[in-house]
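These notes concern the structure reproduced below.
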Amino acid sequence: MNRKIVIDPVTRVEGHGKVTIQLDENNRVKDAKFHIVEFRGFERFIQGHPYWEAPVMVQRLCGICPVSHHLAAAKAIDQIVGVDPEDLSIPAQKIRKLLHFGQVFQSHALHFFYLASPDLLLGVDADPSIRNVVGVAMEYPEIAKKGILMRKFGQEIIKMTAGKRIHGIAATPGGVHKNITVKEREYFLDGKEIPSVHTMIEWSLEMLDFIKTYHNKHKSFLDTFAKYPSGHLGLVNKQNGFLELYDGNLRAIDAEGNITLNDIPSDDYNQYFYEEAERWTYLKFPYLKHLGKEKGWNRVGPLARINVCSGIETPFAEQERLEFMEMTGGKVNNMTMYTHWARLIEILYTAEMMKNLLQDDDLLSNDLVRKGERRKEGIGIIEAPRGTLIHHYEVDDKDRITRCNLIVSTTHNNEPMNRAVQWVANNVLDRKKEITESMLNQVEVAIRAYDPCLSCATHAMGQMPLHLQIFDADNNMVKELIRD
Amino acid sequence: MEITGKTLLVGIGNIGREDDGLGWLFLDKISELFPGYFDVEYRYQLQVEDAEMLSHYQQVVFVDAHAGLQNKAFVWQKCLPEAPETFTSHELEPGAVYYLTNTIYKKYPDAYVLGIAGKSFELKIGLTDFAKVNLQKALDFFQVKMQIVNTV
């Protein structure tokens, strides 16, 4: 009798997804899919609204990464008012970057400490009732305390630049609303009320030491779990090809490191990308047109960014990148679990960047907004915590949005997440008579490495919980996992 | 309950979803009535790091909309520490956050939950008439409970 496994909802990811695994009569895996079952709506919902509302409205896509949507939309709307990224005033660029680094820092801290660390610290087969952040807090209170304060630091940066921690408003068409005061920035530098940015760098380095120690003890797990060849996509600095999170060119490489997208300007993305829909999921499958659907898909996010960049401009993070690259002899890293390591390098990078910006007097300037000649179209691309995020708007003569296209990080990672699920299905569940909770959790571990934000990916409004089901050959459900 | 030190009010909810805004609107009203008297924090949902925030206070009141109250405008109860068994790290109950404050920070503020009855939670700004009445009743009760009516 064939069997089919469904995980729904997948836990400790942002949003609601579903995994189905079909087994045959010999318990061999026939098929494994990661579905997104929420309906997308934001691209239509925003049509007809004045363009200046976009950066505010799109934040409602997500309570976890609203800043990323805010900034991507703001960059697109800058173009509508005739201001290209390089024409933004220097203080406005730096304030936006500070906001963005605060967001990436807190989001990565959230993911590592709250979502990934339970599997790493407690084990993928630990009792599920304690295999969560609370279990980590009980077992490793000092790590938990640091995680809490790192996340708080990033959120306080967001609060300073955007007015509040969630759904604040920093950007205005052509610039930013406010500058930073000396008193505001001292809060992050002097360490009197909260641990300083210098402490954030120190703790980020400690976390990297932790992952290296973990790697030494669990090398085979990290090296093999959900490993598969893939393309990698990310923004790189326009001048030197270094890691870039706010504004850069798009670069992609294949699984061997050959360039497949050669530093193209953001505005040209539409010439290179195509999104295909499948009937079994609301999440589309983007790929590079010139490579086709089979070869043109890419991972995005921390691992992809570290793979595609030529270097990192901050010294500690660059040192860590070099060590990271040594693990694969300088070649492309296609090992999914190294995404956690790459994420920690980016935590360090953003901490170093925040330190540099907080010490920069340009933040105090009142040169905040620029104007240009009105256009009908705007494209904003940034690197959100989870990967490349594309916002594209067209507006009419009455300033109303007539078309909106969003390609979010988790959409790019759709094919990679499906490959990861297939890997676990084939390597962990295949031929097993008994499907244990620990086995099912490993499906989630593979998905979780991508830190997917499913509400973002489907542009849904509302909550989205994940769900695993196993079906037999006759399509009878024989196992189900729901944690709610 | 009598004010004996720093008090934090935590409003939980979302003003974009009708009566789910009760917690936030309660804080708005209290801040209007007694400016500077309480520290207030607005949350869509409680998260782990809120445990650290609680550790700085002697008294904490969580204010949230309540959908399951029958024939009551609100409910006031002691917040008890409760080890959470939940899959998500993004939405914790007040008792779970309080448990973390106790366990990680070894702090034990006097904590309460004020649940105010609401009945509609759709995507819309503004309270229902039902919730408006309950909000006022909760405000009246709270002022007495906190013994601040004649002291401000």
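Coordinate-derived values only; no laboratory data. Since this is a predicted model, take the numbers as computed values, not measurements. Every residue, glycine as well, gets a Cβ built from its backbone with ideal geometry; the counts of neighbours run over all protein chains shown.
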So what's the projected area for chain A, the Cα convex hull averaged over all directions, in nm²? 21.3 nm²
Chain A: relative contact order as a whole-number percent, Cα under 8 Å and 6+ apart: 32 percent
Give me the extension gain from A:Thr224 to A:Met477: residue separation times 0.36 nm, minus the current Cα-Cα distance, reported in nm with one decimal. 88.1 nm
Entries of B:Lys119/B:Lys145; A:Lys97/A:Lys376; A:Lys376/B:Lys29; A:Lys159/B:Lys72 with Cα pairs more than 32 Å apart: A:Lys376/B:Lys29; A:Lys159/B:Lys72
Given the pairs B:Lys78/B:Lys137; A:Lys18/A:Lys217; A:Lys152/B:Lys124; A:Lys295/A:Lys331, which are separated by over 21 angstrom at their Cα positions? A:Lys18/A:Lys217; A:Lys152/B:Lys124
How many percent of the alpha carbon pairs in chain B exceed a separation of 21 Å? 42 percent
With an 8 Å Cα cut-off and a minimum separation of 6 or more residues, compute the relative contact order for segment A:212-365 in percent. 26 percent
What does the extension gain come out to for A:Glu434 and A:Glu43, with contour length at 0.36 nm per residue minus their alpha carbon separation? 136.4 nm
Just to confirm my numbers, what's the Cα centroid distance between segment B:111-130 and segment A:392-426 in Å? 34 Å
Gap separating the Cα centres of segment B:1-52 and segment A:168-244, nearest whole Å: 31 Å
Percent relative contact order for chain B, counting Cα pairs under 8 Å at least six residues apart, stands at 32 percent
Exceeding 24 Å between C-alpha atoms, which entries from my cross-link table qualify? They are A:Lys30/A:Lys432; A:Lys33/A:Lys219; A:Lys227/A:Lys293; B:Lys6/B:Lys107; A:Lys145/B:Lys6. A:Lys33/A:Lys219
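Give me the Kirkwood hydrodynamic radius of segment A:228-334 in Å, from all C-alpha pairs, to one decimal place?
Computed over Cα pairs of segment A:228-334, the Kirkwood hydrodynamic radius comes out at 14.4 Å.
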Just add up the charged neighbours of B:Phe121: K/R +1, D/E -1, any other residue whose Cβ is under 14 Å from the Cβ of B:Phe121. -2
